[in-house]
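The values are calculated or read from the model by the stated rules, or taken from the named source; none is laboratory data. Just so it is clear, the structure is predicted and the values come from calculations on it, not from any experiment. Here the Cβ is made from the backbone with ideal geometry for all residues, glycine too, and neighbour counts use every protein chain on show. Accessible surface is based on the protein model in full, side chains and every heavy atom, while ligands, DNA and RNA are left aside. Shrake-Rupley method; radii C 1.70, N 1.55, O 1.52, S 1.80 Å.
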There are 4 protein chains.
Amino acid sequence: MPDLALPTQDRVERYFKELNNWGRWGNDDQLGTLNLITQAKQLQAQQLIKTGRTVSLARDVIPRPVYMYHTTFPSKRERVDVVLDRFDMVYHGFWITHVDALCHVAWDGELYNGRGFAEHVSTDGATWCSIDAIFTKGITTRGVFLDIAAARKEGYVTVGHPVTPKELDEAERRAGVKLGPGDVVVVRSGDEAFRKAHSDWVPRVSPHPGLHLSCLEWFRAKDIAAIAWDMMDERPSGYHGFGMSTHLAIPFLGLALIDNVDPERLAKACAEEGRHEFFFTATPLRLVGATGAPAHPLAIF
Amino acid sequence: MPDLALPTQDRVERYFKELNNWGRWGNDDQLGTLNLITQAKQLQAQQLIKTGRTVSLARDVIPRPVYMYHTTFPSKRERVDVVLDRFDMVYHGFWITHVDALCHVAWDGELYNGRGFAEHVSTDGATWCSIDAIFTKGITTRGVFLDIAAARKEGYVTVGHPVTPKELDEAERRAGVKLGPGDVVVVRSGDEAFRKAHSDWVPRVSPHPGLHLSCLEWFRAKDIAAIAWDMMDERPSGYHGFGMSTHLAIPFLGLALIDNVDPERLAKACAEEGRHEFFFTATPLRLVGATGAPAHPLAIF
Amino acid sequence: MPDLALPTQDRVERYFKELNNWGRWGNDDQLGTLNLITQAKQLQAQQLIKTGRTVSLARDVIPRPVYMYHTTFPSKRERVDVVLDRFDMVYHGFWITHVDALCHVAWDGELYNGRGFAEHVSTDGATWCSIDAIFTKGITTRGVFLDIAAARKEGYVTVGHPVTPKELDEAERRAGVKLGPGDVVVVRSGDEAFRKAHSDWVPRVSPHPGLHLSCLEWFRAKDIAAIAWDMMDERPSGYHGFGMSTHLAIPFLGLALIDNVDPERLAKACAEEGRHEFFFTATPLRLVGATGAPAHPLAIF
Amino acid sequence: MPDLALPTQDRVERYFKELNNWGRWGNDDQLGTLNLITQAKQLQAQQLIKTGRTVSLARDVIPRPVYMYHTTFPSKRERVDVVLDRFDMVYHGFWITHVDALCHVAWDGELYNGRGFAEHVSTDGATWCSIDAIFTKGITTRGVFLDIAAARKEGYVTVGHPVTPKELDEAERRAGVKLGPGDVVVVRSGDEAFRKAHSDWVPRVSPHPGLHLSCLEWFRAKDIAAIAWDMMDERPSGYHGFGMSTHLAIPFLGLALIDNVDPERLAKACAEEGRHEFFFTATPLRLVGATGAPAHPLAIF
C-alpha cells in the first residue's frame, strides 16, 4: 500500500543533513534536545501540578526472560532474617522502561555532535554522550499525551500501517494542546493490546508496528525535547539503509527517547482529569558511563 | 562512654511490642507507614512546589566493585552502530540508592504484619510485602531535611557517637519545620565526608557510625512515613540481639527505608531556597517480587 | 501399574538407616563413596587404556535458556582485535554436565556425615562437603557402561516405567562386566531420544522418567563410587517424603553424582571397541566453596 | 639491558609471514597446531601411563574478585534442603585456567586461516575457530614439563628478564626429553612465587614477566601442539605493534594456549616420578560458540 504522502528514499536520504541538530547548541554539547527545556518551559510544567495525582509510566519488570533475578541466600543475624536480591538485566530492548543515552546509536561511525563511535565507546562504557550527560538536568518538563491508539479501529497500531506525522497532528488536535519546543510527548500506540492480540509476536524477529520513519520530520518541526513511547518505531522501516527507523532521532537530532513506557494508567488519568498535559519527570538511574539507564517516568497532575 | 539518656537493654527488649504497627492498618496491610501519607499530606507536599527546581538524591552508581557492568558487543546494522549495556547488581548494601521492601528483614521468623518469612520468601521472590506493594502508591509526600552533620564538629557522625532522638529533635528545630505524620525525613549524617576521611573504612566489616537504635522510638513518635538517609544505622548497635539496629524499623514499624541517598545537593538547595521542606518523590523500579528496588528520589522546590 | 517387586513406603522409610554410610570412613570424612576408589582399583582402570581413544561424556552447553552468555566488547590493541566471553550459569538442573558436591542435598537438616545444613551452607558457600573436598582425589577409576535404553522398546526410559535394580543387573550382564566397589557406572537411559520424542516436556514441571528410588539399594549393594547418568531419577518418586528420589544417595550414601552426561558417543565407542569398561575420569572445575561444579568426564579406551 | 641475541623490530615484522601456519592443514582448517597430534603421538602419550597417578594442573577458582558467585536460596522439599550455585565469570584474563579458542585474537582484522574478525565474531559468539572446533579432538597428547623457574635464582621469571628460546632449550635439556611435533609443553615460570613476592602487582596494569616475543620462533620450530603455562607472556613486549606478545601465536600459528595453569603439583610429581613426560589431557567445557572455555588439564603418570 504505497502512501503518496510518505517520503521517497531520496527524501529520506536528505534527513541526516536537513534535520540535523549537530552544533546547534555548540560543538561540545551532549544534551541534545534537552536543551529545549528552558526555565520558562519548566515553570509552565510546574504550574500544571494542581492535585498532586502522580501516575507511573513504567512497566512492571518481571523475572525471566526479561531479566535474571535471584533472591539470595537468606542470612540469619541474631533474631532477624535478612534476604537480598541480585538482578541482572539488559534494559535496552523491548521490555524495560529506560532512557536511551545519545551514545546508544551512531550514524556512519559518528555519535551525536560528530564524535567517533569507536573512539568513545569501549568495554569500559562511553566517554561521549553517556547517560551521565543528563544526570544534572534530568528530563523534567511539560508532558503532553497523544493517544494514537484511541483513534485506531483495532485499538492499536498495526503492522503495515505505521503512525504518520499527520496522525500525530490529529492526536495533538484531539488532545486539545498546542505542542511547543521543549515538551515531551507521551505516545500511546497501544502496545499492550497489540501484544495481547498477537501472542506469537516476537520482538526483533517479527515485524514491528510503530512510528513511520517520516515522524523524524515531525519531531524536528515540533522541536520536542523527548518522546516517551510504548510501541516505538516501525521495523523494518521500508527504506534501504534506514532500518533503525525513528531511533535515528538519536544521532540525527540528539533526541531523548524514553522507551517501553506504559501509558495505560496515563490514558485513564487524562480522561479523569480532563486534560492531556501534565508535569512530566523521568530520572534515569545514575549508571555512570552507561548507554542508557532504567527509569521510572512520572506524570503529575 | 555510657550515655545515661540511652535506653537499657530491658527497655529495648520492649520495643517490638511498644512501637509495633502490626494490625494498625488492618491485618492484610502491606504498605506499613506509607499509609500515613494521606491526600491532605500529599496536597501539602504539592503546594511546596514553587520554582520547579528539582534535586536528585541518588548516588552515582559506578562499575566495580559496586556492580558488574558490561557494554555489550557493538552491532553494525546498515549505517548505524548500536551498543547495549548489561548490568548486574545487588542493590542492598552500602552503595546503591534503593528502597527496602518490608520483606527485606524479618523478626523472630516473621515479616511485618505477622506473616512467616520462610513461607513468603523463596528463590522466586517474595509473596508478602515485596516491593510491588508500593508500586501504586509510591512514596510521594512532604520531605523535610534534617542536617545532623552540619552540627557535628567533624562534619559527619563518628563511630561511637551515634545520632540520638534528641539530636534529631535539634535538627528539626534548626530546620524550622514541624514534622507531622506522613512526612519523609531526609537525614544527612555526612556519609560522603566520613568515607573520604576514612579511606580504609570497609562497609559491613568496620564499625558503622549512624543512628542509634533508640531512634526507633523517635520514628514511631513522629509517625514518619519514610526515612531517606545517607549513612544509615550504627552497627554494632550495642544491644544484644538487636544487631540490625534501626533497620528493625522494617519489621517493627513497617517503615519505608530509602537507603544510600546522596543529600549533598539537597543541603545546598535548601540553603539557597531558604527552606528545609519540599515535595519529595521516590519511585522504585517496578521489580516484581523483589525485596527492594533501586530508586531515584527527587526533591522538588 | 503397581509392581510387586517395588519396595513399600515402610521399606523406604528404613533406607536412611540401612543404607547409611555416615561414619563408615570416619566422622570427619567428606569424600563419601570416593573412598572406595583404591589404588588397586585405579591400577585396574589404568590398565584398560589400550588405544588411547578418548570419548567425551559432556553435553554441549548452549546459550539461553541454558546459560547467560555474552561475547564481550571487542578491543583493538594495536594490530590485534581481542574479544572475551562472560558466561553465567546455574549448572545444577537438567542441562549442564556437572558433579554434585555432597553439600548439595541435606536430609532432615543434616548433610552427609551428620553436619548441620544451616551451619555449613551460607551465601558465602559451603564449609562442609563443598566440591573442594574432591579436588585432590578427583574421580578417576574404572568406568562401566550400562545401556538401559538399548533394551527398552522405545529406545529410552519412559514416564511411569522407571529403571529398577533388576534392570540394572540385566544391563550389567549384557555389558559382560562384573561390577565391584569403587567403579563408576555410566548409565544411559536414553535422555536425548526421550527429549526429542517429547518436545513439550519441561524439566522440573513435567514428570521425569528415570531411576526408581529403590536403585538406592543397588548403589549401596554394589558399592559404586559414582554414577554418571543422562536422565537421572524418576520424579515424582511415588513415595511420600522421598521426592528427591535417588538424589537421596547424596545425603544417605555420600555418593558422587555426575549429572547430565551425554552417553551417546560412549555407546558407539563401546560397540566399536567391543567392551563396556574403560578408564574414567571426571575432574570438576575447582570452584572453591561451591555446591558442585561443571565437569568434562572422559572415557579412555 | 639490550640482549644482542634478541630479534630486531625488523625481524619481528617478518614473523607473521615466516612462522605462518595458514593453509598448512587446508584452507578450511580450524584446529591449527592440534593437527600435529597424530595417532602415533597419542599412542606414545598413552604408553606413558604407568601408575595412573593423576595430577591436576588447574588453579583454584575463588569468589571475588575473580568471579561473581552466589549460593542460591536454599529450597526445602519435604525432608530435604537443596541449594544451588550461580556463578558468573570472565575466564579470559589472569586467574582462571582455560583454553583459548583461535578466535580469541585476530591480526590485522583476520582470524587464523584468513577469516575476517568482524564477519565471524558477534554478540552471538564466533562462527570461525570458536572453541567448538576442538570439542571432538580435545587436547590429548604427550606432555613435557619445562621448569624455567627452577633455574632462576629468584625462583621465578622476573620483570625485564623474559624467557628466551635459549632458556626453553636449556629447560628441555634438563628435562631429559626430546620434544617433537604434537607435544604440549607445560611451562613453569614461577607465577605463584612471583605473585607472593609482589603483592602489589596488578595484572594488566603492572608490567608482566613471562616469555619473550621471540619464543614464537621456538614454538614454530618445535612444532608443539599447545602450551600450558602459568605466567604467560612478557608485556609490554618491547616491540611496536606487537603488544600481544606471544599470544600472537594464536593468529600466526593457530597454536592452542592453555592459560593460567598451576604447575606446582606437577613439579613435585615429576621429581617424585623421576620423569618429565606424561600423558596430558585438557578438555575445555563445551561452551558452544565461545572464544575459549574453562578447562581442567591433567597430567597422568
Given the conditions (1) more than 10 Å from chain D (Cβ to nearest Cβ); (2) open to solvent by 80 Å² or more (accessible area, probe 1.4 Å); (3) not aliphatic (A, V, I, L, M); (4) not in a helix (DSSP H, G or I), every one holds for C:Lys50 apart from (1)
Checked pairs for the range A:93-122, first closer than 30 Å to A:Ile62 by Cβ, second hydroxyl-bearing (Ser, Thr, Tyr) and open to solvent by 10 Å² or more (accessible area, probe 1.4 Å), C-beta under 6 Å and 6 or more apart or across chains, list as A:Ala101/A:Ser130; A:Cys103/A:Ser130
Would you tally the residues in the range B:166-192 being open to solvent by 60 Å² or more (accessible area, probe 1.4 Å) and part of a helix (DSSP H, G or I)? 5
B:Ser75, sole failed condition from (1) within 14 Å of chain D (Cβ to nearest Cβ); (2) small (Gly, Ala, Ser); (3) touching a residue at least 40 places away in the same chain (Cβ under 8 Å): (3)
May I ask you to list the residues in the range C:126-147 that are of a type in the set (Ser, Thr, Tyr) and part of a strand (DSSP E or B)? C:Thr140, C:Thr141
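This table checks each residue for (1) surrounded by 24 or more Cβ atoms within 10 Å (Cβ to Cβ); (2) out of contact with any Ser or Thr (no Cβ under 8 Å at 6 or more places or on another chain); (3) not aliphatic (A, V, I, L, M).
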| residue | (1), (2), (3) |
| --- | --- |
| D:Gly238 | no, yes, yes |
| D:Leu248 | yes, yes, no |
| D:Leu255 | yes, no, no |
| D:Asp262 | no, no, yes |
| D:Ala267 | no, yes, no |
| D:Phe278 | yes, yes, yes |
| D:Val288 | no, no, no |
| D:Pro294 | yes, no, yes |
In the range B:32-47, which residues are more than 17 Å from the chain's Cα centre (by Cα) and not in a helix (DSSP H, G or I)? B:Thr38, B:Gln47
Answer with yes or no whether C:Thr158 is at pLDDT 95 or above and either more than 20 Å from the chain's Cα centre (by Cα) or crowded, with 21+ Cβ neighbours inside 10 Å (or both). no
Test each condition in (1) at positive phi; (2) away from chain D (no Cβ under 14 Å) for B:Glu170 and report the one that comes out false. (1)
Exactly one of (1) touching a residue at least 60 places away in the same chain (Cβ under 8 Å); (2) part of a helix (DSSP H, G or I); (3) not acidic (Asp, Glu) is unmet by C:Thr246. Its number? (1)
For residues that are polar (S, T, N, Q) and open to solvent by 70 Å² or more (accessible area, probe 1.4 Å), scanning just the range A:1-37, find the one that is nearest to B:Arg142 (Cα to Cα). A:Asn27
Hey, any hits in the range D:145-154 for a residue that's in contact with a Phe, Trp or Tyr (Cβ under 9 Å, 6 or more places away or on another chain) and open to solvent by 20 Å² or more (accessible area, probe 1.4 Å)? yes
Checking C:Val99, C:Val90 in turn, the sole residue that is open to solvent by less than 10 Å² (accessible area, probe 1.4 Å) and more than 21 Å from C:Ser214 (Cα to Cα) turns out to be C:Val99
Restricting attention to the range B:205-226, and to residues there that are under 19 Å from B:Val261 (Cβ atoms) and in a loop (DSSP other than H, G, I, E, B), which single residue is farthest from the chain's Cα centre (by Cα)? B:Pro209
Of the numbered conditions (1) within 19 Å of A:Tyr67 (Cα to Cα); (2) crowded, with 24+ Cβ neighbours inside 10 Å, B:Val163 satisfies every one except a single condition; which is it? (1)
For the range C:283-301, how many residues are more than 8 Å from every other protein chain (Cβ to nearest Cβ) and under 15 Å from the mean Cα position of the chain (by Cα)? 3
Which listed residue, of A:Val105, A:Val99, A:Val82, is at pLDDT 95 or above, within 7 Å of chain B (Cβ to nearest Cβ) and either in contact with a strand residue (DSSP E or B) (Cβ under 7 Å, 6 or more places away or on another chain) or within 30 Å of B:Arg142 (Cβ to Cβ) (or both): A:Val105
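Residue by residue through the range A:198-213, note down the ones that are over 18 Å from A:Gly155 (Cβ atoms) and buried (at least 23 other Cβ atoms within 10 Å of the Cβ).
First, the residues of the range A:198-213 that are over 18 Å from A:Gly155 (Cβ atoms): A:200, A:202-207, A:212-213.
Correct list: A:His212, A:Leu213.
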Working only within the range D:131-154, note down all residues that are at pLDDT 95 or above and either within 14 Å of chain B (Cβ to nearest Cβ) or within 19 Å of D:Cys270 (Cα to Cα) (or both). D:Thr141, D:Arg142, D:Gly143, D:Val144, D:Phe145, D:Leu146, D:Asp147, D:Ile148, D:Ala149, D:Ala150, D:Ala151, D:Arg152
Only one of (1) touching a Leu at 6+ places or on another chain (Cβ under 6 Å); (2) of a type in the set (A, V, I, L, M, F, W, C); (3) open to solvent by 20 Å² or more (accessible area, probe 1.4 Å) fails for A:Val61. Which number is that? (3)
For the range A:108-161, name all the residues that are in contact with a Pro (Cβ under 6 Å, 6 or more places away or on another chain) and not polar (S, T, N, Q). A:Tyr112, A:Ile131, A:Val157, A:Val159
Pairs only if they're at least six apart or on different chains, beta carbon under 9 angstrom, first in the range B:14-43 and more than 14 Å from chain A (Cβ to nearest Cβ) and of a type in the set (Gly, Ala, Ser), second in a strand (DSSP E or B) and surrounded by 12 or more Cβ atoms within 10 Å (Cβ to Cβ); list them, first residue then second. B:Gly32/B:Ala256
Candidate set from the range A:108-125 (those that are open to solvent by less than 10 Å² (accessible area, probe 1.4 Å), assigned to a strand (DSSP E or B) and touching a helix residue (DSSP H, G or I) at 6+ places or on another chain (Cβ under 8 Å)); member that is nearest to the other protein chains (Cβ to nearest Cβ): A:Val121
Just one of the numbered conditions (1) over 13 Å from the mean Cα position of the chain (by Cα); (2) crowded, with 18+ Cβ neighbours inside 10 Å is not true of C:Arg195; which one? (2)
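Quick grid of which residues meet (1) touching a residue at least 24 places away in the same chain (Cβ under 8 Å); (2) within 12 Å of chain A (Cβ to nearest Cβ):
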| site | (1), (2) |
| --- | --- |
| B:Arg220 | yes, no |
| B:Arg265 | yes, yes |
| B:Ala271 | no, no |
| B:Thr281 | yes, yes |
